[in-house]
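Below: the structure, in structure tokens.
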Amino acid sequence: MISCTMKASHLVVAYRRLTLIDHSPKTPFVTLYTGEESVDMYRGNFFIEDTLGQKLSLQNYELSELLEEGRILYKIRFFQDSIEMTCTLSEQDGRLKLSFSSFPRSFNRLELRFEAGAEEHVYGCGEQFSYLDLRGKHFPLWTGEQGVGRNKQTEITQIADRQDRAGGDYHTTFYPQPTFVSSRGYFLHADTYGYADFDFSNPSFHRLMFWEIPNSLCISEKPTLLEVVQDISSLLGRQRELPSWVYEGVVLGIQGGSSTCLEKLKTMQEGHVPVAGIWAQDWQGEKYTSFGKRLRWNWQWDSTLYPDLGTIIEDLKRQGVRFLGYINPYVLEGHELFLEAEKLGLLALNHEGSSYLVDFGEFYAGIVDFTNPLAKSWYVKVIQKELIDFGLSGWMADFGEYLPTDVVLFDKRPAMIAHNAWPGLWAEVNREAVDTSPNAEQCLYFMRAGNDKSLSCCPMMWAGDQNVDWSEDDGLPSALTSALSLSMSGMGLHHSDIGGYTTLYGMKRSKELLLRWTEFAAFTVMMRTHEGNRPKDNWQFDGDDETIAHFARMGAIHVALKPYLQSAVKENAEKGIPVMRPVFLHYPQKPFFTCKDSYLLGRDLFVAPIMECGATHRKVYLPDEEWIHLFSHQAYGPGEHLVKAPLGKPAVFYRKGSAFTDLFETFPVS
């Protein structure tokens, strides 16, 4: 399956139908650099610069073929003068594996060039919010705050940069993953947590830059892109099926104490809104800063703010309403859990040997050091005792992307390498807490930060902190782009804060935005609201009777879709087919390769949500089958259509002949 052909000064490496490498002195596969990085972190926003020094392209090569344990291996020695690096190629489990020798002498940067096509499309690299097709851009792969605005040309981003160094850019993400999918029919995954930059801007090659030698590169070629995506999760892991209660309605994000939660729940239930749960992120207490309402990061029940919560949780569960909370991998300075962890030596250190304190904006917290087995075990027990045993049915497992690059860790690994690994370690802690607790049946946690470990260790992602606006890079549209991007990276379960979160610099959530976001969320695997960081500035789910009625309608639709959603989630767990997926995975037609405003929910629902303020119609391009409008039962053929989409009736179609036709036909014509 691997072929290495030598023609004059060229070495051409192909795998199955793919030409991957065309090495020559003018187009070297391997180039080495010396580099010195500068890393500055401000409240989770990272500013990274690399000063490159010496550059050396390894223009020459020697090829040898070996037989090792019954397998054919190809070894290519790339060299220039006295500097060399060896690349070993082998086939393992139906995939191509490339391994490299260590950096020679003083070099510490590795550049590899892989062949590309001028008409090629590229997807993945974890969770990208601005672009689905990554062609024409480069993507630094580093976990951090996604930023406010995420587009240097917008006023919001410029204000955020000017006032808080927090504007972000098109590539800033909580969830980088060194995996990309090519429309040529393959994926490439780099086994590394070091800083990397994947550059897809050249029409003839992809330039991959690494600051450490990857353990290996894995390339898998398949007949279809759907099979390619399935094979990513076959390699890295798959999410489990979800608890049944997730499909039973809206999870209401409520803060402010026991009485507030019960009052708002009563209001929504009286308005006939199906409620699956209450998500109270301040269950452990609250803290106010200039940013807005924050949380007290001491992961123990606040009995003053939430009196009788244990009893309330049991009463709610009998009603079919779950109670969810919040936790992250840090402990607030001076509070009980911080003092206990510090006394036991479980916190990461600074270079003076004291507990490293991270600035989270007007307060500081310590880092539970997950490279220390005792610290990891201690935090597993914290989750089990304070959350699971207390009665919580789930929680937001927030953060994971802040690890400073000058921290001293228990296992002595460089923080530059540990940084991108941290979200996966945090996911493992949550997974172990659930798996080893006798009381964790039907528990669900969800995360924003991630890496390749998330596929096997995190049952659900959420899109993080979108602006409460319609902006393409950081508002409602970005929540859809991020879901499709993650699906092409192998992660099949995703949702977002209904209405967004970030409420700064004059942004305020409008009623229209909340209603349209609710429509979108009804056609995802989980509906969950968020008040935002400044709740009084935002329109909320109980803002008026019309809003409550809208939640009742869309929540009922979500509940009605339960059998279909469960089937799609089961398919993801067993086959690695993401629930929300780009249309081109089933219909590889030209219009869909760059389409990020429509998607397939499961195999049989085509969803085109309203993503523009004031819009009442949607232009849709339907694939090559016959489609039935869910709310009018009108049939549509393939091609472009202008469809009415008033509030409560988004542009959603089901595939004629679907096995779920009987279910879809129960939706009343209106």
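The values are calculated or read from the model by the stated rules, or taken from the named source; none is laboratory data. It should be emphasised that the depicted structure is a prediction, and the values quoted were computed from it without experimental measurement. Heads up, the Cβs are rebuilt from the backbone with ideal geometry, glycines too, and the neighbour counts pull from every protein chain shown.
In summary, THR19 fulfils each of the numbered conditions (1) over 28 Å from ARG71 (Cα atoms); (2) in contact with an Asp or Glu (Cβ under 6 Å, 6 or more places away or on another chain); (3) touching a residue at least 60 places away in the same chain (Cβ under 8 Å) with the single exception of condition (1).
For region 370-385, name all the residues that are aromatic (Phe, Trp, Tyr) and surrounded by fewer than 20 Cβ atoms within 10 Å (Cβ to Cβ).
From region 370-385, those aromatic (Phe, Trp, Tyr) are 370, 378-379; that's our starting set.
Once the filter is applied, which keeps residues that are aromatic (Phe, Trp, Tyr) and surrounded by fewer than 20 Cβ atoms within 10 Å (Cβ to Cβ), region 370-385 yields only TRP378.
Among the residues of region 361-393, those identified as over 13 Å from SER437 (Cα atoms) and among the small types (Gly, Ala, Ser) are GLY361, ALA365, GLY366, ALA375. When PHE606, PHE660 are screened for being in contact (Cβ under 8 Å) with a residue 40 or more places away in the chain, among the aromatic types (Phe, Trp, Tyr) and in contact with a Leu (Cβ under 7 Å, 6 or more places away or on another chain), only PHE606 passes. Within region 74-109, the set of residues being of a type in the set (Asp, Glu), surrounded by 15 or more Cβ atoms within 10 Å (Cβ to Cβ) and farther than 23 Å from SER9 by Cα comprises GLU91 only. Summed over region 308-339, residues that are in a loop (DSSP other than H, G, I, E, B) and free of Cβ contacts under 8 Å to residues at least 24 places away in the same chain total 2. Listed here are the strands (runs of 3 or more DSSP E) enclosed by region 10-83 that have at least 3 residues being closer than 30 Å to LEU403 by Cα: 30-42, 45-57.
Scanning region 265-292 for residues that are in contact with an Asp or Glu (Cβ under 6 Å, 6 or more places away or on another chain) and touching a residue at least 40 places away in the same chain (Cβ under 8 Å), which turns out surrounded by the most Cβ atoms within 10 Å (Cβ to Cβ)? Break it down into steps so the answer makes sense when it comes.
Filtering region 265-292 for residues in contact with an Asp or Glu (Cβ under 6 Å, 6 or more places away or on another chain) gives 267, 276, 284-285, 289.
Narrowing further to those that are touching a residue at least 40 places away in the same chain (Cβ under 8 Å): 267, 276, 284, 289.
Details: THR267: 14, ALA276: 26, GLN284: 24, THR289: 12.
Among those residues, the one meeting the criterion is ALA276.
Based on this model, can you work out whether ALA560 counts as closer than 25 Å to SER130 by Cβ and either more than 30 Å from the chain's Cα centre (by Cα) or modelled with pLDDT of 95 or more (or both)?
On the way: closer than 25 Å to SER130 by Cβ: no; either more than 30 Å from the chain's Cα centre (by Cα) or modelled with pLDDT of 95 or more (or both): yes.
It is false that ALA560 is closer than 25 Å to SER130 by Cβ and either more than 30 Å from the chain's Cα centre (by Cα) or modelled with pLDDT of 95 or more (or both).
Each residue in region 284-336 was checked for being polar (S, T, N, Q), within 16 Å of ILE388 (Cα to Cα) and more than 25 Å from the chain's Cα centre (by Cα), and 4 pass. Within region 631-651, residues that are over 20 Å from GLU612 (Cβ atoms) have Cβ atoms under 6 Å from residues that are assigned to a strand (DSSP E or B) in these pairs: ALA635/ILE628; TYR636/LEU622; TYR636/TRP627; PRO638/LEU622, counting only partners at least 6 apart in sequence or on another chain. Out of curiosity, is TRP299 modelled with pLDDT of 95 or more, under 11 Å from LEU392 (Cβ atoms) and in contact with a Gly (Cβ under 6 Å, 6 or more places away or on another chain)? The answer is no for TRP299.
Got a sec? Which of PHE593, PHE584, PHE660 is within 23 Å of the chain's Cα centre (by Cα) and surrounded by fewer than 20 Cβ atoms within 10 Å (Cβ to Cβ)?
Numbers: PHE584 fails: surrounded by fewer than 20 Cβ atoms within 10 Å (Cβ to Cβ); PHE660 fails: within 23 Å of the chain's Cα centre (by Cα).
Result of the check over PHE593, PHE584, PHE660: PHE593.
Quickly run through region 635-656 and pick out the residues that are in contact with a Lys or Arg (Cβ under 9 Å, 6 or more places away or on another chain) and either exposed (fewer than 13 other Cβ atoms within 10 Å of the Cβ) or within 19 Å of PRO588 (Cβ to Cβ) (or both). ALA635, GLU640, LEU642, LYS644, ARG655 - these are the residues of region 635-656 that are in contact with a Lys or Arg (Cβ under 9 Å, 6 or more places away or on another chain) and either exposed (fewer than 13 other Cβ atoms within 10 Å of the Cβ) or within 19 Å of PRO588 (Cβ to Cβ) (or both). The single condition from (1) in contact with a helix residue (DSSP H, G or I) (Cβ under 8 Å, 6 or more places away or on another chain); (2) without any contact (Cβ under 8 Å) to a residue 24 or more places away in the chain; (3) among the polar types (S, T, N, Q) that ASN298 fails is (2). Scanning region 115-126 for residues that are surrounded by fewer than 22 Cβ atoms within 10 Å (Cβ to Cβ) and closer than 25 Å to GLY450 by Cβ gives a single hit, HIS121. Would you check which residues across region 340-371 are of a type in the set (A, V, I, L, M) and either within 23 Å of ASN430 (Cβ to Cβ) or at pLDDT below 95 (or both) and list them? Scanning region 340-371 gives ALA341, LEU344, LEU346, LEU347, ALA348, VAL358, ALA365, ILE367, VAL368.
Within region 195-210, the set of residues being of a type in the set (Phe, Trp, Tyr) and either touching a strand residue (DSSP E or B) at 6+ places or on another chain (Cβ under 6 Å) or outside the structural domain of LEU96 (by TED's automatic domain parsing) (or both) comprises PHE198, PHE200, PHE205, PHE210. With respect to the conditions (1) over 23 Å from the mean Cα position of the chain (by Cα); (2) assigned to a loop (DSSP other than H, G, I, E, B); (3) basic (Lys, Arg), ARG207 lacks only one, and its number is (2). In summary, helices (runs of 4 or more DSSP H) completely within region 392-497 and bearing 1 or more residues that are free of Cβ contacts under 8 Å to residues at least 40 places away in the same chain occur at 415-435.
Where residues in region 340-354 are outside any loop (DSSP other than H, G, I, E, B) and touching a Gly at 6+ places or on another chain (Cβ under 9 Å), which of them is surrounded by the most Cβ atoms within 10 Å (Cβ to Cβ)? Result: LEU347. All told, LEU262 meets the bar of being aliphatic (A, V, I, L, M) and surrounded by fewer than 17 Cβ atoms within 10 Å (Cβ to Cβ).
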